[in-house]
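Data first, discussion second: the structure below is written as structure tokens.
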Amino acid sequence: MQFIQEDLIPRMELEFAADTTRESRVIIGHSFGGLFAAYAFTSFNQVFGNYLMLSPSLWYDNEIILIQEQDHRDVIKANHQLVYLGLGELEKSGRMLVPFQAFYQQLEANYPGIALERQLQPHLDHQGSKQPNIIEGLQFYFQNR
Amino acid sequence: MKLIHTLTILLFLSVLSTANAQNAPVKSAKHSYPVQKLTIEPAIGFNPSSMSNVLASNIVQWNVQKRLSVISYTAYAYNNAFSREFNHITTEYNYSLMQKFGIGTSLYGKRASHTFSLMAGIKYDAFKETLTNPELEPVSASINSTSPDVGLMYNWKLGKGKFFFSYRMYLPIYPYPFKTTDFWSLDGNIGNITMEFGVGIRLK
């Protein structure tokens with residue numbers, strides 16, 4: 001996260017004339033990448049305004065991200081947030097579905113102004129749901145930014 | 001598409017073998033594997049990709065002709081059998097029900113027969129998880145999903161008597177390429193490959 005914040009973002013803004021506001025920045029990740037996007041949401045919320053979390057591994061470390069969200073909620077709920085949560089309907093390994101649902105419920109209940117979407121891709125598994133969730137996540141972002 | 005090509009070639013080769021077998025002289029007919037008109041083949045199995053789903057299944061195979069069979073396949077899968085508690089996540093239930101029908105063709109050896117069939121039917125998946133982390137609100141979530149189940153099945157029967165050994169392997173061709181041609185959706189196909197072993201009973 002330090003590399004993204006201190007090296008990557010300044011360089012992109014310098015070389016590609018990217019928008020420099022928090023509200024214009026999007027982070028997207030799948031699986032552990034989705035966990036990383038959720039980590040950015042809870043712990044580096046000042047960096048990104050938009051989060052596309054695809055099949056996030058929220059079970060990691062006894063649902064530490066959900067606990068972090070509770071701990072940091074009072075600080076980060078003041079920011080504008082856009083969150084897309086995507087999963088495959090048939091991710092039935094016994095660890096993906098319920099933390100995903102719990103995180104969604106935490107966001108829905110505690111962030112009144114949030115642009116929030118949850119999507120379960122029918123008949124698809126962990127890898128198979130990635131591509132349709134990328135497409136629908138980006139569509140959600142462009143329609144609600 | 002590569003998978004489809006491979007499967008098409010395999011099916012074509014099996015048909016060619018069948019045609020050649022029909023043209024071959026019948027010099028040892030009394031020693032060849034008998035055509036079983038009707039068999040029932042209960043079995044148990046697993047998904048080799050995850051090794052965590054166990055199945056109980058049954059096949060009823062009716063050989064309409066020597067080279068043409070009609071097959072019914074029924075299965076119950078107990079999924080995620082060995083990790084029902086994980087990081088405060090409890091799997092309340094997790095199972096699949098499958099019912100498929102198919103047509104196939106058989107090759108006959110001296111002591112065994114090999115049946116290749118194209119199967120189609122439905123699969124019902126149901127699972128429920130509960131999160132009971134003491135630092136979080138308890139939450140439950142469940143899925144009930146019905147999806148198409150299409151694939152190729154290989155069935156090996158060993159033994160000439162009323163009872164025989166039965167092995168079968170199922171290779172799904174859904175969701176790839178029928179729902180999506182995204183290569184990564186193959187994980188859904190691979191997750192539903194099954195290998196099953198059982199005892200067949202010759203009814204007719």
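The values are calculated or read from the model by the stated rules, or taken from the named source; none is laboratory data. Note that the structure is predicted; figures quoted are calculated from it, not measured. Here Cβ is always computed from backbone atoms with ideal geometry, including for glycine, and neighbour counts include all displayed protein chains. Areas reflect the complete protein model, heavy atoms only, side chains present, ligands, DNA and RNA absent. Shrake-Rupley method; radii C 1.70, N 1.55, O 1.52, S 1.80 Å.
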Discussion item. For region B:61-80, check the following and say yes or no: at least one residue is outside any strand (DSSP E or B), touching an Asp or Glu at 6+ places or on another chain (Cβ under 9 Å) and either modelled with pLDDT under 95 or of a type outside the set (A, V, I, L, M) (or both).
Written reply: yes
Item to complete: Taking the residues in region A:70-90 that are without any contact (Cβ under 8 Å) to a residue 40 or more places away in the chain and surrounded by 24 or more Cβ atoms within 10 Å (Cβ to Cβ) as candidates, determine which candidate is farthest from the other protein chains (Cβ to nearest Cβ).
Response: A:L85
Practice prompt. Can you run down the residue pairs with Cβ atoms below 6 Å, 6 or more apart or on separate chains, where the first is in region A:35-54 and farther than 15 Å from A:Y111 by Cα and open to solvent by 10 Å² or more (accessible area, probe 1.4 Å) and the partner is at pLDDT 95 or above and among the hydroxyl-bearing types (S, T, Y)?
Written response: A:L35/A:S57; A:L35/A:Y60
Worksheet entry | Test for B:D182: is it at the interface with chain A (Cβ under 8 Å from one of its Cβ atoms), open to solvent by less than 60 Å² (accessible area, probe 1.4 Å), touching a helix residue (DSSP H, G or I) at 6+ places or on another chain (Cβ under 6 Å) and farther than 20 Å from B:F101 by Cβ | yes
Fill in: Residue under evaluation A:I27, criteria (1) open to solvent by less than 10 Å² (accessible area, probe 1.4 Å); (2) under 17 Å from A:E117 (Cα atoms); (3) in contact with a Phe, Trp or Tyr (Cβ under 7 Å, 6 or more places away or on another chain); (4) touching a residue at least 24 places away in the same chain (Cβ under 8 Å), criterion not met
(1)
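Condition check ((1) buried (at least 18 other Cβ atoms within 10 Å of the Cβ); (2) free of Cβ contacts under 8 Å to residues at least 12 places away in the same chain; (3) under 30 Å from A:P99 (Cβ atoms)) across all residues:
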site	(1), (2), (3)
B:P34	no, no, no
B:P48	no, no, yes
B:N58	no, no, no
B:W62	no, no, no
B:S72	no, no, no
B:Y76	no, no, yes
B:R84	no, yes, yes
Worksheet item: Is there any pair linking a residue in region A:128-145 that is assigned to a loop (DSSP other than H, G, I, E, B) to one that is among the basic types (K, R), with Cβ under 9 Å and at least six apart or on different chains, and which?
Response: A:G128/B:K179
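From A:E13, A:E6, grab the single residue that is in a helix (DSSP H, G or I) and open to solvent by 90 Å² or more (accessible area, probe 1.4 Å).
A:E6
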Worksheet item: In region B:185-204, how many are crowded, with 17+ Cβ neighbours inside 10 Å and either on the phi > 0 side of the Ramachandran plot or in a loop (DSSP other than H, G, I, E, B) (or both)?
Response: 1
Practice prompt. Specify the residue that is nearest to the other protein chains (Cβ to nearest Cβ); the eligible residues are those in region B:94-129 that are of a type in the set (A, V, I, L, M) and under 14 Å from B:R67 (Cβ atoms).
Written response: B:I103
Discussion item. Kindly evaluate A:P99 against the criterion of being within 11 Å of another protein chain (Cβ to nearest Cβ), open to solvent by 10 Å² or more (accessible area, probe 1.4 Å), in contact with an Asp or Glu (Cβ under 6 Å, 6 or more places away or on another chain) and at pLDDT 95 or above.
Written reply: no
Response to the item:
The residue that is nearest to the other protein chains (Cβ to nearest Cβ), considering only those in region A:117-139 that are open to solvent by 40 Å² or more (accessible area, probe 1.4 Å) and among the hydrophobic types (A, V, I, L, M, F, W, C), is A:L120
Item to complete: Those residues that are within 7 Å of chain A (Cβ to nearest Cβ) and closer than 30 Å to B:M119 by Cβ, I need them from region B:130-149; list them, please.
Response: B:I143, B:S145, B:S147
Worksheet item: Counting only residues that are open to solvent by 40 Å² or more (accessible area, probe 1.4 Å) and facing another protein chain (nearest Cβ under 7 Å), how many does region A:102-116 have?
Response: 1
